[in-house]
Each structure stands twice: as C-alpha cells, then as structure tokens.
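Each remark here refers to the structure printed beneath this line.
FYI, it's all coordinate maths here, none of it is from the lab. Keep in mind that what you see is a predicted model, and the values were worked out from it rather than measured. Heads up, the Cβs are rebuilt from the backbone with ideal geometry, glycines too, and the neighbour counts pull from every protein chain shown.
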C-alpha cells in the first residue's frame, strides 16, 4: 500500500504575522512547525503502513528550509520525503498549491491513498486537500476520525459538527484527518540517526511537469485583498426586574431596532 | 553550559525533554495525587527508543552508556521525579543482567525491556535489611535444578508493574558475604506475589510494593553470575546506577530552580518584582551554582564509568551524596522563594521538595555514601605506603 502525505510548515501558533503590503505570511525570524493536523495525517499513514505494509512518502511545497520538517518526518518512521520547491511557486493560492501537489503526486506514480490534515492552522482554508483530489480525479473524504481498509475499499468515519458519518470509498482516494483521529508518536532515536544522513530530493516546476501559467502568483485565480482583525464584539446587556418588566424591555429594544 | 555532548547525546536529550514536556507535564500534578502508574509515558519512551538506553544493539537497544542514562533521567526528572522513576528503576533492574547475564539470559530478557514491553525492578531491600544488606532474610534453597525462594523484599520501585526482576537472596547463610546469590524472576511465576502499594511522601507517581516469595521455584539457569556472588552483583550494580539517582536529583533541583526563577520575575512586592531584590537574587544564584556543580560531578562520574574506569565507587558515592543534598536544599529554597504560594499544591515546588527527599535515602542513604567515601579514601592512602 503506497500512501502519500501532504504536509505544510506553518509559523508556531502564537506568532502568525502578516505582511500588510503583500497580505502574505511573514516567515522570516518566525519558528516553523509542522502543521499540527498534518502530524495526525502522518500518524494515520504510519499506522496503516504498519498494518497493511507498503510505503509512506511525505511531500511538502515550501521554501528550502522546509527540508527540516521533512527530516523530522523521517525520524518518525516515514520511508521517503520529497521537497517541492521552486521560486516559480511563490505566491501560490490554494488552487495553484493543489495543482502543484497533485502534479508532484502524478510524478511519484502509483499510490493508493493520499492523506492531508483537515486544514493548515495559518491559512485555515481547508481547500488544498480537496483540491488535490480534484486534480487527480479521485474521491475525497474530509474530516476523517477513523479508517478501515478491506480489499481496496476504505470505510471512513467522518467527524462532523454534531454527528458522525460512516462512508465507504474505493481506493485510490484522498482523506483529510482531524486531530481526534490519533495521538502522533514520538520521534525515535534510530529514526533521528536515519534522518541525519537522509538525502531529501528537491523537485522544481520542471521536475513535476507543471505548466507555467498554473503555478505561483500567475497561476493563482484568487489573491488576498486585505487581512484584518475584526473589532471585538461589544458586551451583551443583562436586563433586570420581574419577568414581565424584562419581557417589555426586550420587546421595546427589538422594536427600536426594527427587528420585529 | 555546553558539556561537549556528541550529536547522539544531544538527540537523546532532545527526545527526553520532548517527552517530559509533552507527556509528563500535563499529568504530573494528577499522578502525584492518584499515584496511577504512568504507562503512557513508558509508551512514549519506547517509541523514542529510550527504553533501550544501556542495552546493546544486538539485544534491541541503542547501546548508550551511563552518561546517556543520566541525561535521560535528568531531563525526565526536571518535570517529574516520580514519573522519571519508571525509566530509572528499570535501568537499575536491568543493570545486573547487563553486567552479569549470560548471552542466553540477555537474549531472553533484554529485547523486551529495550522495546518497552516490560519494565524491570531490582529487589535487594528488606524490612530488616536496609543499609545493612547483610541482614537479609529471603532465602533461596537448592532443590535439584531449582532454587526455592522464600521471603519478602520491601519498597521495590516498579514492583507489580515490572515484568522482570533481579532479586538477591541468601543461598548459604554460613558463608556470610559469599552466601547470597542473584536471580532473574518474572512476574506471574507461581509463588511470586506483590504486597500493597505503599503510600509515599513523594515520588508518588512511581509504584513501590513488596515482592513476596512463597516456595517460588526458580530454575538454576535464572541465576545471575555464580552462586555466592549475590552481594557482588548488588554492589557492582549500585556503583553503576548511583549516578542515575544523582541525575534524578539534579533534574528535580533544576526543575525547582526553573520554577523559582520564573516566579521571581512575576511576583511583585513593595512595588517591584521580587527578582530585583538582592536577597532573592542571592538565593537564586546559590541554587543555580549548586545545581551546576552537582551536574558536573554527575557527568564526570558517568564519563569515568563509560571510559572503563573500575574504581568508581568513591565518585559514584560522591555524586549521589552531593546531588541529592543539593536537590533537598534547592527545592527547599524554591519553596522559600515562592513564600506562602510555594506551600500550596497549586504550585509544583512543594511536590519537588517532597520528591527530593527520597534521593537522600534510597540506593544507599547519604550516611552510607559517606562511609563508602571515607573507606575508599583510607584505602587509597594505605595503598600508597
């Protein structure tokens, strides 16, 4: 069973800073971590591999220093890692990113399952996983909290807001996972030794046969116009008095605001 | 301070620190109350291969030495000296097998310990045989190819939780110091049961129980070393593992120092942070200096052992003595820096003070350590004549 996991390096949760001119993330001088949901995606992949055999390949699109995040995944027991990095990818939106990752997976070749975190904690769009599945023309199941695979059919337990949904899907497919799915394992000493000498291949736009007008800022149909922090909501008002008085006061307020 | 660790040693330190912060910190206060055994931390240690420290690679370990064992114990103890014992006491219980086990015995027991499937424990102490191990009552009577064990070991760390036990028993009382032997026992052997879990002052997340032997039949192939070598096995083991207790003490002290320093920069009195008061600054300076001195002694001793020095009894005793006295003093001072808040369970320093006390007592009281040091000094002087 060949599993591909897509991960993203994101700024440490408490330090997200936006460049007000370009509306993109400021990465300089900010500690990077692997997107927490992606850690669950890696754990899910490793557990499936340990059970069904096969290979786990982790890919990330990002700047050259993202190689450190990939080395960390080797220390967790991932078999292979590929860095997808090229100046031409700069400024990609979720469409261009999905296209780039899908092109990379096509280049890798045969796969049975693709796993992504449900969303990245910086952009929070939750669009790239589903986008990758569209480009690859395979089914997608989002918000997985459990999976079971039997004879090429995967049963996925989806964690929805107030209910769980069990769906069946034929492989190959893509799932995105939530943090309740598992507890990511510790990196191992033997894995760290392996990671130290691991050579992580770096693929650019040409290596994955990406079309120029589909990548980077040029290939991005959307752009972020403005990022701002919404003003905090005002505090509520608590009415006092007898029930009748409070109801009268409430109705008056609603009428004054033309709500009823 | 850079102690010149190798890249591998730094990796081990990083892994242990990660486990301490991510796995120990969220549960330490609760486990101090409930005493529930920290199996989830053991699982993380196993995933990280740290349960295989000190065990050769051919038996599934990562082949570290005393220094690697001390680095790990120290990091785990910085957050919780009690939880760290699941690791450290396994090191103690495994050491007799590492030092005296045959290849066959090592093949049989070490891989499961290295993989974290089983913990280990060491059974020496008895109700009437503490500092005076010679007062041991547990006997192992020869019966054909077997030895029949009878007696009770007391205050055994990891007791009931561990799967593998190194136990010392009297095989021939008439032979005195040559009359004890060491055996490897397994949990669930007929005739081997456990007493109640002790209710302790500190290190409450660790399990301390009696090992009870009632006509427990042990095959002679389970004997460690030769018959009559029991006290030698015990003494050589303790010489090797005392730096581990010292490392636990350094960790506890460092944890208390970290808390005190952090608190002193938050707490305001007389309109200023208490860290700006010289009285507090001098306390913190003394604490930090003592912790660093203890750490130096622990690392130096561990390195001496790892480089093959055989005369390490004195150093081993010195580092255990100094580090544990330091832990007691530094944790007491940390509570003092916190003032009334330090006495409350809402803050971790009172627990650290309770945890520190045991390091002055177990694996040889500090009074016994002083005896060892003095005897070695006298022997050295006498040998020069």
Check your understanding: Radius of gyration and Dmax for segment B:7-119's Cα atoms, expressed in Å?
Key -> 13.6, 42
Exercise for review: Sort B:59, B:3 so that the residue with the fewest other Cβ atoms within 10 Å of its own Cβ comes first and the one with the most comes last.
Suggested key: B:3, B:59
Point to revise | Debye equation applied to the C-alpha atoms of segment A:156-260, log10 I(q)/I(0) at 0.11, 0.15, 0.21, 0.22 Å⁻¹ | key: -0.94, -1.13, -1.10, -1.12
Review point. Label point 7 Å out from residue A:110 along Cα-to-Cβ: which residues of segment A:178-220 have amide N under 11 Å?
Key: none
Review point. Projected area of the protein assembly as shown, taken from the Cα convex hull and averaged over every viewing direction, in nm²?
Key: 41.4
Study note, to complete from the structure: Projected onto their principal axes, the Cα atoms of segment B:77-166 stretch, largest extent first, over whole-Å spans of 44, 33, 21
Point to revise | Rounded Å value of the spacing that divides the Cα centres of segment B:116-170 and segment A:160-220 | key: 51
Revision key, fill the gap. Rounded to the nearest 500, the 222 nm mean residue ellipticity computed for chain A from DSSP H runs (n ≥ 4, each -39500 (n - 2.57)) alone is -9000 deg cm²/dmol
Check your understanding: If you take the beta carbon distance between residue B:115 and residue A:248 as r and set R0 to 51 Å, what does 1/(1 + (r/R0)^6) give as a FRET efficiency, to the nearest 0.05?
Key -> 0.10
Check your understanding: What Kirkwood hydrodynamic radius, in Å, does segment A:196-245 give when the mean of 1/r is taken over all pairs of distinct Cα atoms and then inverted?
Key -> 17.8
Practice item. May I have the extent of the alpha carbons of segment B:121-231 along their three principal axes, as whole Å values ordered from largest to smallest? Key: 41, 29, 21
Point to revise | Nearest-ten-degree value, helix B:66-79 long axis tilted from longest Cα axis of chain B | key: 50
Practice item. Take chain B, connect every pair of alpha-carbon atoms lying under 10 Å apart with a spring to form a Gaussian network, then pick out the residue of B:237, B:301, B:193 with the largest mean-square fluctuation. Key: B:193
Point to revise | Per-bin percent of Cα-Cα distances, segment B:232-345 [5 Å] | key: 2, 13, 21, 17, 14, 10, 8, 7, 5, 2, 1, 0, 0
Exercise for review: May I ask what percent, to the nearest 5, of DSSP beta bridges between residues of chain A are antiparallel?
Suggested key: 40
Exercise for review: Could you list the residues of segment B:325-343 with an amide nitrogen less than 14 Å from a label point located 7 Å from the Cα of residue B:288 in the Cα-to-C-beta direction?
Suggested key: none
Review point. Measuring from label point to label point, each 7 Å out along Cα→Cβ, what is the residue B:382 to residue A:125 span in nm?
Key: 8.1
Practice item. Write down the percent of antiparallel bridges among all DSSP beta bridges whose residues are both part of segment B:121-231, to the nearest 5. Key: 85
**Study point:** DSSP-defined beta bridges in the protein assembly as shown - what % are antiparallel, rounded to 5
**Key:** 60
Revision key, fill the gap. Ranked from fewest to most other Cβ atoms within 10 Å of their own Cβ, B:341, B:69, B:109 fall in the order B:341, B:109, B:69
Point to revise | Ratio Rg/Rh [Cα only; Rh per Kirkwood] for chain B | key: 0.99
Revision key, fill the gap. Taking Cα pairs closer than 8 Å and at least 6 residues apart, the relative contact order of chain A in percent is 24
Review point. Normalised by the number of residues in chain B, what is the relative contact order in percent for Cα pairs under 8 Å and 6+ residues apart?
Key: 16
Practice item. Go from 0 up to the bin containing the longest alpha carbon distance in segment A:2-214, width 10 Å each, and give me the % of pairs per bin. Key: 8, 36, 38, 16, 2, 0
